[in-house]
Every structure is written in structure tokens, then in C-alpha cells.
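Participant: Just dropping this structure here.
The values are calculated or read from the model by the stated rules, or taken from the named source; none is laboratory data. Quantities reported herein were computed from a predicted structural model and do not represent experimental measurements. Using ideal geometry, Cβ is built from the backbone for each residue, glycine included, and neighbour counts are taken over all protein chains shown. Accessible surface is based on the protein model in full, side chains and every heavy atom, while ligands, DNA and RNA are left aside. Shrake-Rupley method; radii C 1.70, N 1.55, O 1.52, S 1.80 Å.
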Amino acid sequence: VQLQASGGGLVQAGGSLRLSCAASGSTFTTNAIAWYRQAPGKQRELVAQISSGGFTNYADSVKGRFTISRDNAKTTVYLRMNSLKPEDTAVYYCNFLIPLLRSGWGQGTQVTVSS
């Protein structure tokens, strides 16, 4: 199952975006899903994660600004991003938290925050 991220765009600093991550199948609804991002010249980093039961965890750099949520009926995970900063500029990906469940990373969705 490959997860597909969408919803990125260009936004001014201080603005907001909501990313969506869609897939199908029971594997999606019964496992933890995470959002990752990769900025130019940097390694991919974990931004936020949510368990099948809705428990969440965030990178320190986004705590208080980003909110991850999931709607298992729609097999969709969201990332609400508020108070965006230029340093949030990156390609954002969603994927299973457990590496063995992943089948690639997809194209991701570009988020660009202008100062």
C-alpha cells in the first residue's frame, strides 16, 4: 500500500495549510502513520505521528503549531500546519511509521513558506 500526500502549496509566513494522506485497506487503519519532511540538502525527518488509536507525537520544531489527526472511516490522515515558518519549507510525505510496512515514499507534496 502506497500512501499519497496532497494539499501542499505556497503560503506566507504565519499562514496555514492542511495536508491530507490517503490510502486504502485495513493496514492503513490498524497501524501508526507519520508525516515526514525533507528540505533541500537535508535528510528526511519525522514531523508527527499518530497511532491507530489516535495517540500523537511531534517533533520539537513543530509542537504547538502542527496537529496530526486521522479519520479511519475515510482512511485519511491529516496534518494541520499553523504559524508556518520559512524553515518549514520542504517536501512532505506520509508513510507508515513501521518501515517494514512501507512500499516506497511516493512523490510527496511541496510546502513552500515565503518570508
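Participant: Mind counting the residues in the range 1-35 that are among the hydroxyl-bearing types (Ser, Thr, Tyr) and in contact (Cβ under 8 Å) with a residue 60 or more places away in the chain?
Facilitator: Final tally of qualifying residues: 3.
Participant: Are any of the residues in the range 18-35 out of contact with any Pro (no Cβ under 7 Å at 6 or more places or on another chain), basic (Lys, Arg) and more than 19 Å from ASP71 (Cα to Cα)?
Facilitator: No, the range 18-35 has no match at all.
Participant: Of all residues in the range 79-98, which are surrounded by 16 or more Cβ atoms within 10 Å (Cβ to Cβ) and outside any loop (DSSP other than H, G, I, E, B)?
Facilitator: LEU79, MET81, ASP88, ALA90, VAL91, TYR92, TYR93, CYS94, ASN95, PHE96, listed by residue number.
Participant: Also: Answer with yes or no whether GLN43 is open to solvent by 60 Å² or more (accessible area, probe 1.4 Å), within 20 Å of GLY106 (Cα to Cα) and without any contact (Cβ under 8 Å) to a residue 12 or more places away in the chain. Give the derivation first.
Facilitator: Working: open to solvent by 60 Å² or more (accessible area, probe 1.4 Å): yes; within 20 Å of GLY106 (Cα to Cα): yes; without any contact (Cβ under 8 Å) to a residue 12 or more places away in the chain: yes.
So GLN43 fits the description; yes.
Participant: Filter the range 46-64 for residues that are of a type in the set (Gly, Ala, Ser) and touching a Ser or Thr at 6+ places or on another chain (Cβ under 7 Å); which is surrounded by the fewest Cβ atoms within 10 Å (Cβ to Cβ)?
Facilitator: The first filter runs over the range 46-64 and keeps only residues of a type in the set (Gly, Ala, Ser), leaving 48, 51-54, 59, 61, 64.
Right, trim to touching a Ser or Thr at 6+ places or on another chain (Cβ under 7 Å) and you get 48, 52.
Details: ALA48: 24, SER52: 13.
Here the residue is SER52.
Participant: Looking at this structure, is THR67 open to solvent by 30 Å² or more (accessible area, probe 1.4 Å), closer than 25 Å to LEU10 by Cβ and under 10 Å from the mean Cα position of the chain (by Cα)?
Facilitator: yes
Participant: Show me the strands (runs of 3 or more DSSP E) entirely contained within the range 1-78 in which 2 or more residues are aliphatic (A, V, I, L, M).
Facilitator: Because the criterion is at least 2 residues that are aliphatic (A, V, I, L, M), the strands (runs of 3 or more DSSP E) in the range 1-78 that meet it are 9-12, 17-22, 33-38, 45-50.
Participant: Considering each residue of the range 86-115, count those that are within 17 Å of GLN4 (Cβ to Cβ) and not aliphatic (A, V, I, L, M), and give that number.
Facilitator: 14
Participant: What are the residue pairs meeting all of these: first residue in the range 99-115, first residue part of a loop (DSSP other than H, G, I, E, B), second residue open to solvent by 60 Å² or more (accessible area, probe 1.4 Å), Cβ atoms under 6 Å, and 6 or more apart or on different chains?
Facilitator: These pairs meet every condition: SER103/GLN2; GLY104/GLN2; GLY106/GLN2; GLY106/GLN4.
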